[in-house]
Amino acid sequence: MNVAWIYFLKINLAFSIFYLVYKLLFRNDTFFQLRRITLLAILLLAFIYPFPDLNGWISEKPVLNEFVVTYSSWLDTSQPAEQEIVYMPVLEANEVIAAEIPPARNWKEIGTMTLSILYGIGVLLLLFRCLAEILSVVRTRRRCRQEVLADIRIYVSEEIEEPYSFFEWIFIDPKKYNNQTLHEILLHEHTHVRQFHSFDIVLAECISVICWFNPFVWLLKKEIGINHEYIADQSVMRSGCNKKTYQYHLIGMEHDHSLATANLYNYFSVLPLKKRIGMLNKKRTNRVRILKYLALIPIVAGLLILNNLDAMARMVTGESTKPVVTEEIRETASLKTVTLPILQQEDSIYTVVEVMPRFPGGDKELLNFINNNISYPEVAKEKGIQGRVVISYVVEKDGSITNLKVVRGQDPSLDEEAMRVIASSPKWTPGQEKGITVRTKYTMPIQFRLGEKTDRALSAPSSESDVFRVAEKTAQFPGGERALLKYLSDNVKYPQIAKEKGIKGRVIVSFIVEKDGSVTNAEVLNGVDPSLDKEAIRVIGTFPKWTPAENDGKPVRIRYAMPIMFNL
């Protein structure tokens with residue numbers, strides 16, 4: 001799902017929760033100023049809470065980690081399973097050269113685009129309404145004459161049907177009211193001006209434009225306006241005005257609903273009068289009950305934790321909450337000719353780039369990080385479970401890790417631990433292609449071995465003859481990746497029996513590049529058909545010697561994985 005829609009869902013969920021809590025706990029008390037602060041905090045917190053990163057703290061809490069695993073399993077079942085290893089680019093062996101792949105019709109994208117257009121239309125209409133309302137106020141201001149009455153600056157015009165204020169402007173026709181009523185109105189409106197109530201109204205209006213599809217936002221906006229009237233009414237009462245007389249004046253005021261199209265003003269006679277009169281006669285709330293406002297703290301904390309749990313779970317399943325394009329980038333080739341890669345979109349995921357992503361300090365530090373931070377799950381030790389877990393992930397443009405998934409698992413406990421430690425890694429130096437920072441896919445095999453001194457998971461060999469998973473300087477085909485693709489396109493032969501049966505698919509093979517550069521131990525990790533598997537192994541066996549990998553300046557053995565796509 002697009003990051004903008006995920007973000008909108010989160011903030012609108014927060015608005016819904018906050019409004020229900022406000023209505024349940026706060027809307028009937030008389031702590032009007034505290035309610036104003038609370039309502040403003042709600043507007044801001046709903047937008048801010050998705051941003052704080054608590055993943056490091058959550059990863060240290062076993063209970064929360066268990067929830068992440070459970071939730072990620074639920075997310076994973078809602079989308080098709082996919083396995084891929086991406087140390088090397090996917091190669092398609094096609095009979096016909098495809099210089100350009102026509103985009104498939106994506107109904108999900110069409111639906112998203114349609115919703116985006118409808119949303120944009122709604123925003124524009126409401127924004128136009130707000131601007132028209134503000135322009136109307138400005139025009140009224142220009143037609144009015146300025147006067148000072150009881151040390152309060154007002155704008156007077158006979159065209160003004162009823163008094164209202166907008167920021168520091170108070171609009172009124174004094175001739176319509178007797179002295180007592182005029183005094184009460186000016187006290188009321190001056191409270192709005194003095195306490196900058198128009199700021200709250202404009203902020204709420206802007207948010208209701210952005211979230212126009214959420215009824216709870218409109219309800220919160222309404223509560224803000226009503227609370228302003230409670231504050232102003234309370235200010236009038238504290239000035240010494242007679243409560244009963246003031247209530248009669250409120251009832252006697254007329255209100256034209258058409259005047260406040262966007263409700264950007266603070267109207268003296270704003271409805272509902274019944275609520276205002278009821279609040280005027282309400283007994284002051286016991287100050288002990290002010291403690292109930294502390295209930296917002298666990299609610300905000302819960303939203304923060306849930307947001308981060310969701311983000312971690314989506315990273316585990318590969319459904320990132322960041323804006324990503326989850327398309328697989330392929331190098332397309334015929335049996336005899338290599339077609340250059342299709343131009344990448346800005347947010348496409350690369351599998352091979354000129355400058356590969358790098359862990360801070362290099363691969364050696366990556367090995368140290370994994371070995372220092374990973375723990376052998378107790379349940380796996382008790383059951384004697386060991387083996388290699390292969391994790392795939394994307395190194396984003398900002399170096400963050402997303403789209404984690406298990407390519408090859410052993411046991412849920414080992415898989416979960418491998419994903420946890422990779423997700424907790426610091427930001428990498430991102431990959432680059434032609435000098436431009438790009439998103440790059442990566443894999444990390446992690447070996448869990450019993451019988452070691454500490455029964456720890458290993459990502460590096462324990463002896464000179466063992467095979468490395470990563471190295472400071474990786475092995476390279478003679479001439480680089482392009483030469484490797486050219487070699488494969490010249491040597492891969494689509495088996496006739498597979499063509500006749502219409503068999504196609506991806507064969508994932510792994511092999512070891514020895515210290516002398518020779519290729520050994522080729523094996524199929526994920527096969528499709530015996531004929532395709534055999535052809536993939538055959539062509540790997542014909543490789544010339546590679547430039548071997550190095551650690552500390554010495555050649556080492558390293559294992560590679562290569563997906564080869566056979567496509568008719």
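Things worth noting here:
- Test: T181 is of a type outside the set (A, V, I, L, M, F, W, C) and over 45 Å from the mean Cα position of the chain (by Cα): yes
- Members of the stretch 275-329 found to be assigned to a helix (DSSP H, G or I), modelled with pLDDT under 85 and among the hydrophobic types (A, V, I, L, M, F, W, C), listed by number: I305, L306, L309, A311, M312, A313, M315, V316
- Some residue of the stretch 244-262 being at pLDDT below 95, touching a strand residue (DSSP E or B) at 6+ places or on another chain (Cβ under 8 Å), buried (at least 20 other Cβ atoms within 10 Å of the Cβ) and assigned to a helix (DSSP H, G or I): no
- Taken as a whole, the condition of being among the polar types (S, T, N, Q), surrounded by fewer than 19 Cβ atoms within 10 Å (Cβ to Cβ) and at pLDDT 75 or above does not apply to T454.
- Any strands (runs of 3 or more DSSP E) falling wholly within the stretch 512-568 and containing at least 1 residues that are hydroxyl-bearing (S, T, Y), buried (at least 16 other Cβ atoms within 10 Å of the Cβ) and touching a residue at least 24 places away in the same chain (Cβ under 8 Å): 558-566
- Identity of the residue in the stretch 118-151, touching a Leu at 6+ places or on another chain (Cβ under 8 Å) and assigned to a helix (DSSP H, G or I), that ends up farthest from L182 (Cα to Cα): C130
- Considering the conditions (1) closer than 11 Å to F543 by Cβ; (2) in contact with a helix residue (DSSP H, G or I) (Cβ under 9 Å, 6 or more places away or on another chain); (3) of a type in the set (S, T, N, Q), S518 is excluded by exactly one of them, (2).
- Count of residues meeting criterion [at pLDDT 90 or above and in a helix (DSSP H, G or I)] in the stretch 14-57: 29
- Qualifying residue in the stretch 367-379 (condition: touching a residue at least 24 places away in the same chain (Cβ under 8 Å), closer than 18 Å to W428 by Cα, polar (S, T, N, Q) and outside any helix (DSSP H, G or I)): no
- Residue satisfying condition, being under 27 Å from V524 (Cβ atoms), of a type outside the set (S, T, Y), buried (at least 23 other Cβ atoms within 10 Å of the Cβ) and modelled with pLDDT of 85 or more, within set V406, V394, V438: V394
- One residue alone among P478, P461, P426 is part of a loop (DSSP other than H, G, I, E, B), modelled with pLDDT of 85 or more and closer than 23 Å to S375 by Cβ, and that residue is P426.
This table checks each residue for (1) crowded, with 17+ Cβ neighbours inside 10 Å; (2) more than 27 Å from Q234 (Cβ to Cβ); (3) assigned by TED's automatic domain parsing to the domain that holds L296; (4) in contact with a His (Cβ under 6 Å, 6 or more places away or on another chain).
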| residue | (1), (2), (3), (4) |
| --- | --- |
| A14 | yes, yes, yes, no |
| L24 | no, no, yes, no |
| N28 | no, no, yes, no |
| F32 | yes, no, yes, no |
| L45 | yes, no, yes, no |
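The values are calculated or read from the model by the stated rules, or taken from the named source; none is laboratory data. Computed from a prediction, not measured in an experiment: that's the story for all the values here. All Cβ positions, even for glycine, are placed from backbone atoms using ideal geometry, and neighbour counts span all protein chains on display.
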